[in-house]
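Reading through the structure tokens given below for one structure.
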Amino acid sequence: MLAYIWAEDSEHHIGINGGLPWHLPNDLAYFKRQTLGHPMIMGKRTFDSFPTLLPGRLHVVLTHSIEFEKEYADNDQVVVVHDEDDLRKWLEEHDSEMTFVIGGASLFEMFKDDVDLLYVTKIKGKFEADTTMPKLEMDRFALKCEEKGMTDERNKYQHTFFVYERK
């Protein structure tokens, strides 16, 4: 089963300079709760945005870099794929398990017709960004869950967690 997980502002912005345009600990904790124990598919820029490997999750990284592949060749927490065909083949072999696409935008675009679940954090406001979430055909999904996030001194932005399931 293939799922997307991302956070976006009111303009569907999802990133800037290879990172997030906001700091929202509630969303980071939500991301961890949802993805823990599941493989995560990402591009190399998304991978590079992490301070370290995220524990308890397989990192499937799409990159053309042979150096990157050599660097992680002996690391059982990282799988390197070089193109869409390799990635689709890996997905076929792991079809029975929940797998999250976590970014970037080109991967969200690549699998938009294949995704089964959408986990999206909608953040109220508009942020400076250089990356926007590709448009998804939301009429093909049904709202499964909606939960308002708590705002406080650490979580300054109003936000809501949504889960959608393909109809």
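For the reader, a short list of remarks on this structure follows.
- Residue within the range 121-131 that is within 18 Å of L20 (Cα to Cα), modelled with pLDDT of 95 or more and hydroxyl-bearing (S, T, Y) present: yes
- The lone exception for V115 - which of (1) among the β-branched types (V, I, T); (2) in a strand (DSSP E or B); (3) over 19 Å from Y30 (Cα atoms) it fails: (2)
- For the range 121-160, the candidate set comprises residues that are polar (S, T, N, Q) and in a strand (DSSP E or B); within that set, the residue that is surrounded by the fewest Cβ atoms within 10 Å (Cβ to Cβ) is T160.
- F100 being in a strand (DSSP E or B) and in contact with a Cys (Cβ under 9 Å, 6 or more places away or on another chain): no
- Selected residue (criterion: surrounded by the most Cβ atoms within 10 Å (Cβ to Cβ)) from residues of the range 80-104 that are of a type in the set (V, I, T) and in contact with a Leu (Cβ under 9 Å, 6 or more places away or on another chain): V101
- Cβ pairs under 9 Å, 6+ apart, first in the range 147-167 and in contact (Cβ under 8 Å) with a residue 60 or more places away in the chain, second acidic (D, E) and assigned to a loop (DSSP other than H, G, I, E, B): Y157/D9
- Meets criteria (surrounded by fewer than 17 Cβ atoms within 10 Å (Cβ to Cβ), within 21 Å of E165 (Cα to Cα), among the aliphatic types (A, V, I, L, M) and modelled with pLDDT of 95 or more) for L118: no
- Segments classed as helices (runs of 4 or more DSSP H), wholly inside the range 9-72, with at least 2 members that are surrounded by 17 or more Cβ atoms within 10 Å (Cβ to Cβ) and of a type outside the set (D, E, K, R): 25-35, 44-48
- Failed item, numbered, when F108 is tested on (1) within 18 Å of I14 (Cα to Cα); (2) assigned to a strand (DSSP E or B): (2)
- Criterion (aromatic (F, W, Y) and in contact with a Ser or Thr (Cβ under 7 Å, 6 or more places away or on another chain)) met by exactly one of F111, F141, F100: F100
- Those residues of the range 105-115 which are of a type in the set (D, E) and either buried (at least 18 other Cβ atoms within 10 Å of the Cβ) or at pLDDT below 95 (or both), in sequence order: none
- Conditions (1) in a helix (DSSP H, G or I); (2) touching a residue at least 24 places away in the same chain (Cβ under 8 Å); number of the one not met by R88: (2)
- Answer from D113, D74, D95 - the residue that is under 19 Å from the mean Cα position of the chain (by Cα) and more than 12 Å from P39 (Cβ to Cβ): D113
The values are calculated or read from the model by the stated rules, or taken from the named source; none is laboratory data. The structure displayed is predicted, hence computed values, not measured ones. Every residue, glycine as well, gets a Cβ built from its backbone with ideal geometry; the counts of neighbours run over all protein chains shown.
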